[in-house]
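For reference, the structure discussed in these notes is given below.
The values are calculated or read from the model by the stated rules, or taken from the named source; none is laboratory data. None of these values were measured; they are calculated from a predicted model. For neighbour counting, all protein chains shown are included, and Cβ atoms are generated from backbone atoms with ideal geometry for every residue, glycine included.
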């Protein structure tokens, strides 16, 4: 289910430990070419009190847009990331303190 290249990496790791696996991505991420929709989404980002992050690709492309337009990630919002690796990737850009819940996959970033 993971998009490329993370999907292929996961499949390679599974195959290397003896779990037969194949990669069939159902979706791919590409930067949008529409500046109108992106500017509306950027405004919504700054109005949000809570921001949910589901993938490293979404962080990457959001940060790319913000950087190209001399914008920063909102500092007032609370960030929630699905998965530890996604939270660490997000941390590279927002530099906020975050905590992990031991038994749940949702990671809260303050």
Qualifying residue in region 37-44 (condition: modelled with pLDDT under 85 and in contact with a helix residue (DSSP H, G or I) (Cβ under 8 Å, 6 or more places away or on another chain)): yes
In region 63-110, the residues that are more than 16 Å from residue 45 (Cα to Cα), in a loop (DSSP other than H, G, I, E, B) and at pLDDT 65 or above: 83, 95, 96, 97
Flag for residue 60 being assigned to a helix (DSSP H, G or I), more than 16 Å from the chain's Cα centre (by Cα) and surrounded by fewer than 16 Cβ atoms within 10 Å (Cβ to Cβ): no
